[in-house]
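> Input: one structure, supplied below.
The values are calculated or read from the model by the stated rules, or taken from the named source; none is laboratory data. Only a predicted model underlies this, so the values are computations on that prediction, with no experimental measurement involved. Every residue, glycine among them, receives a Cβ derived from its backbone with ideal geometry; neighbour counts consider all protein chains shown.
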Amino acid sequence: MLNAVERKIEQFIVELDDKEVMGLYAKFPQGKRLRAKLILKIAGNGLSVVKTAAVVEMIHAASLLHDDVIDDAYTRRSKPSLNALYGNKTAIMLGDILYSKGFFELNNISSEVAKIVSNAVTQLSLGELKDVSLSKIFNTDKEIYLDMIYQKTASLIEASAGAAAVLAGKPKEAYMTYGRNLGMAFQMIDDLLDITSDAVTLGKPALHDFVEGKTTLPYIYLYEALEQEEQQKLASLHAKELSDTDQSWIKMKMEEHQILLKCYAQAKELIEEAVELMNSNGEEALSDIALEMIERDF
């Protein structure tokens with residue numbers, strides 16, 4: 001079924017009738033299509049479902065293009081990012097084109113689906129802005145972090161599940177709760193992988209988030225666990241290039257206080273809640289997608 005989504009995306013790109021856009025999009029690394037898989041698993045493979053999955057993946061790609069510019073990221077999935085190859089302006093404009101085409105196609109699906117997805121894109125953009133603002137400070141407030149990752153990451157996964165439920169005639173609220181939990185857990189695992197994975201696997205340096213000014217959940221929990229003097233040391237390292245000694249100290253303290261296990265347990269709890277909710281709705285098949293969100297290397 002994913003092949004049908006890929007063909008639909010290609011069709012949408014071809015309809016733009018622009019060779020430069022076609023060439024640029026062809027060089028954008030594809031992900032695992034988790035959002036498309038989720039939509040197809042919930043709603044089947046009808047034309048409206050495939051269109052919705054294609055639009056959501058285009059919107060996701062657009063957000064990543066903008067994200068790479070904002071983060072000055074020069075690799076994506078171990079390949080050069082489009083902003084590294086062609087500059088920030090080109091990457092931003094390609095993102096805008098994908099957003100615009102996606103919104104246009106949403107109008108041909110259903111008004112309710114369009115409202116759900118477009119609202120998520122608004123939330124996504126608000127979350128991106130909040131992420132930029134938070135990178136300027138050493139944030140120790142977990143609730144602020146959770147609000148940001150809901151908007152930036154979970155909102156589109158939540159909308160994917162909700163839109164699919166609408167198309168399938170299933171209870172929207174339950175599926176949106178499921179999608180929200182998946183999205184929150186997905187981002188938490190991403191934040192863990194930034195610390196635990198090597199640079200080759202990540203496609204970027206380890207601890208890159210902290211260097212970029214992002215105080216993710218592991219750092220918030222670590223700060224809470226440290227004594228005052230060590231808290232000051234951790235805060236002083238925020239948004240700075242880390243020496244090997246600094247990296248080793250952070251990882252040592254994470255291990256000493258079992259921070260990574262605590263974060264993983266929180267993500268796993270969200271997944272278990274999501275699976276239980278879907279099982280109660282007779283959707284046992286959705287547990288595999290939920291587990292895929294947290295059992296991954298990148």
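> Only one of these is surrounded by fewer than 18 Cβ atoms within 10 Å (Cβ to Cβ), of a type outside the set (S, T, N, Q) and on the phi < 0 side of the Ramachandran plot: Leu237, Leu286, Leu261. Name it.
Details: Leu237 fails: surrounded by fewer than 18 Cβ atoms within 10 Å (Cβ to Cβ); Leu286 fails: surrounded by fewer than 18 Cβ atoms within 10 Å (Cβ to Cβ).
Going through Leu237, Leu286, Leu261 in turn, just one is surrounded by fewer than 18 Cβ atoms within 10 Å (Cβ to Cβ), of a type outside the set (S, T, N, Q) and on the phi < 0 side of the Ramachandran plot: Leu261.
> Still on this model: Which residue, of Thr75, Thr90, is in contact with a Leu (Cβ under 8 Å, 6 or more places away or on another chain) and over 26 Å from Ala164 (Cβ atoms)?
None of the others qualify; the one that does is Thr90.
> Still on this structure, please answer the following. Restricting attention to region 209-234, which residues are among the small types (Gly, Ala, Ser) and at negative phi? Full working, then the answer.
In the first step, residues of region 209-234 are kept if they are among the small types (Gly, Ala, Ser); the result is 213, 225.
Passing the criteria: only Ala225.
> How do the helices (runs of 4 or more DSSP H) wholly within region 1-49 filter down when requiring 1 or more residues that are surrounded by 15 or more Cβ atoms within 10 Å (Cβ to Cβ) and hydroxyl-bearing (Ser, Thr, Tyr): which remain? Steps first, please.
Details: elements: 2-15, 19-26, 34-43.
Once the helices (runs of 4 or more DSSP H) in region 1-49 are filtered for at least 1 residues that are surrounded by 15 or more Cβ atoms within 10 Å (Cβ to Cβ) and hydroxyl-bearing (Ser, Thr, Tyr), what remains is 19-26.
> I'm checking my understanding of the structure. Among residues of region 269-283 that are among the polar types (S, T, N, Q) and more than 17 Å from Ala43 (Cβ to Cβ), which one is surrounded by the most Cβ atoms within 10 Å (Cβ to Cβ)? Can you show your working first?
Filtering region 269-283 for residues among the polar types (S, T, N, Q) gives 279-281.
When the remaining residues are screened for being more than 17 Å from Ala43 (Cβ to Cβ), the result is 279-280.
Values: Asn279: 13, Ser280: 9.
Per the stated criteria, the residue is Asn279.
> Hey, can you tell me all the residues within region 189-233 that are assigned to a helix (DSSP H, G or I), among the hydroxyl-bearing types (Ser, Thr, Tyr) and at pLDDT below 95? Let's see the steps before the verdict.
Let us first name the residues in region 189-233 that are assigned to a helix (DSSP H, G or I), namely 189-196, 199-202, 208-211, 217-225, 228-233.
With among the hydroxyl-bearing types (Ser, Thr, Tyr) added as a condition, the list becomes 196, 201, 219, 221, 223.
Those that are assigned to a helix (DSSP H, G or I), among the hydroxyl-bearing types (Ser, Thr, Tyr) and at pLDDT below 95: Thr196, Thr201.
> Hey, Val69 hits all of (1) aliphatic (A, V, I, L, M); (2) part of a helix (DSSP H, G or I); (3) touching an Asp or Glu at 6+ places or on another chain (Cβ under 9 Å) but one; which does it fall short on?
Condition (3) is where Val69 drops out.
> Check whether at least one residue in region 286-298 is acidic (Asp, Glu), more than 21 Å from the chain's Cα centre (by Cα) and at pLDDT below 95, and report yes or no. Steps first, please.
Within region 286-298, the first condition is being acidic (Asp, Glu), and the residues that meet it are 288, 292, 295, 297.
In the following step, the residues that additionally are more than 21 Å from the chain's Cα centre (by Cα) were identified as none.
Scanning region 286-298 turns up no residue that is acidic (Asp, Glu), more than 21 Å from the chain's Cα centre (by Cα) and at pLDDT below 95.
> Filter region 263-281 down to the residues that are within 15 Å of Phe186 (Cα to Cα) and free of Cβ contacts under 8 Å to residues at least 60 places away in the same chain and list them by number. Reasoning before the result, please.
Let us first name the residues in region 263-281 that are within 15 Å of Phe186 (Cα to Cα), namely 263-275.
Correct list: Ala265, Glu269, Glu272, Val275.
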